[in-house]
1. Yes or no: segment 347-358 includes at least one residue that is surrounded by 20 or more Cβ atoms within 10 Å (Cβ to Cβ) and either at pLDDT 95 or above or touching a Ser or Thr at 6+ places or on another chain (Cβ under 7 Å) (or both).
2. Inside segment 34-65, can you point out the residues that are touching a residue at least 40 places away in the same chain (Cβ under 8 Å) and hydroxyl-bearing (Ser, Thr, Tyr)?
3. Where residues in segment 107-127 are more than 18 Å from the chain's Cα centre (by Cα) and open to solvent by 80 Å² or more (accessible area, probe 1.4 Å), which of them is nearest to GLU329 (Cα to Cα)?
4. If a residue has to be in a helix (DSSP H, G or I), over 30 Å from ALA233 (Cα atoms) and of a type in the set (Phe, Trp, Tyr) to count, how many in segment 265-314 make the cut?
5. Given the conditions (1) within 28 Å of ALA270 (Cα to Cα); (2) surrounded by fewer than 21 Cβ atoms within 10 Å (Cβ to Cβ), which single one is not true for LEU144?
6. Which of the residues spanning segment 247-264 are closer than 14 Å to LEU236 by Cβ and either in a loop (DSSP other than H, G, I, E, B) or open to solvent by less than 50 Å² (accessible area, probe 1.4 Å) (or both)?
7. Being touching a residue at least 60 places away in the same chain (Cβ under 8 Å) and either under 30 Å from ASP36 (Cα atoms) or out of contact with any Asp or Glu (no Cβ under 7 Å at 6 or more places or on another chain) (or both) narrows it down to one of TYR284, TYR305, TYR315, so name that one.
Amino acid sequence: MYENIPSTGSIYTDLPSQAGREGTDYYHTASGKLLDMLKGATPCNLKEAVFLVENAYFEGQLDRSAYNNSIRDLGTLAKQKARQDGYNWNNPVTKNIMLFRVMSDTLKIKSPLQEGYLTSYPMRYDFEDFRGEKDWSKMFVTKLLATHKGQCHSLPLLYLILCESVGAEASIAYSPSHSYITFKDQKGNWYNLELTNGKIVSDAFIAGSGFVSAEAIRNGTYMAPQSPKQVIAECLSDLAMGYAHKFGYDGFVNQCVDSVLKYDPKNLMAWMVKSNYQTVRFEYVVNQVGRPHPDILKSNYPEIYRLLTDRNETYRRVDASGHREMPPEVYSAWLKAVEAEKEKRSHEEKYQQVIQFIK
């Protein structure tokens, strides 16, 4: 019955390498520099890490000066607005709130060089292809800076980059298919900044999507502030995903996510990318032997069977993390729910609570 199945010696068990394709060298260079940050060979620098990831996708064509200048200018606007309104810029919470306002509000700021005021406009959520399924660069901070439109990947990253540039402290935290900013005031109170709609929201609101399980909170999968090194590790996951979108899956993708998991063993994105890699690899190999039943694989092709069991184990790890996939249409509806009147009142209460610390 299985006489036409190839022998083990003629089976290719690794995905074909894409290393010879034009543009892949940018990814290999970027991964090395990100690993240097994770190893401590160079300081963690989120602005540089994000640029490395996005410039690799564009094969070195991004304008670094424009990127740096845009970040510098946003930080300057926050500082000017704080001083104009009589706030102490050296207060750490002032920096958090003013950066939030620069990204979320329309601001009139007196120009220090000329008569009159300049207007700073808020950044908006881009609902078109917000997962980057058609155009991966929709996920990029450079796209956000160029268009003032982004989504829950680029908006929090830009906020953290701005914090890094002005010496403020904040963290990224995750919920299903989403990320947001959280920071702490001088009394130890935490605040959640929902940059997609410019609101300060409660933990209860974030957990109320229906997809945040108690297990995921307990495991630190969701709603846990991420350290600077964890965010750099996530950038390496982003690099792997960008490579897969552009060139497909090969050993480089797996190498990247294994490096992420070495420094952040609970990184959900790395485990999910790894599961995708293992699925593509298993399908590539098992198709070479005619896709026999797993029992046949186990007895006749133990190496291929091991690929299957390894993949299934990764699936189990993802499930055990408490992760629950939020369908795109549900996520879109959840985002719009941030505008509900109840959460508007909550935003105002929390804003007034935190503003007391910045004068």
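The values are calculated or read from the model by the stated rules, or taken from the named source; none is laboratory data. This is a predicted model, so every value here is computed, not measured. Cβ placement follows ideal geometry from the backbone for every residue including glycine, while neighbour counts extend to all protein chains displayed. SASA here: full protein model, heavy atoms, side chains in, ligands and nucleic acids out. Shrake-Rupley method; radii C 1.70, N 1.55, O 1.52, S 1.80 Å.
1. yes
2. Once the filter is applied, which keeps residues that are touching a residue at least 40 places away in the same chain (Cβ under 8 Å) and hydroxyl-bearing (Ser, Thr, Tyr), segment 34-65 yields only TYR57.
3. Step by step, filter segment 107-127, then rank; the result is TYR121.
4. Qualifying residue count, segment 265-314: 1.
5. All conditions pass for LEU144, except number (2).
6. Matches in segment 247-264: PHE252, VAL253, ASN254, CYS256, VAL257, SER259, VAL260, LEU261, ASP264.
7. TYR284
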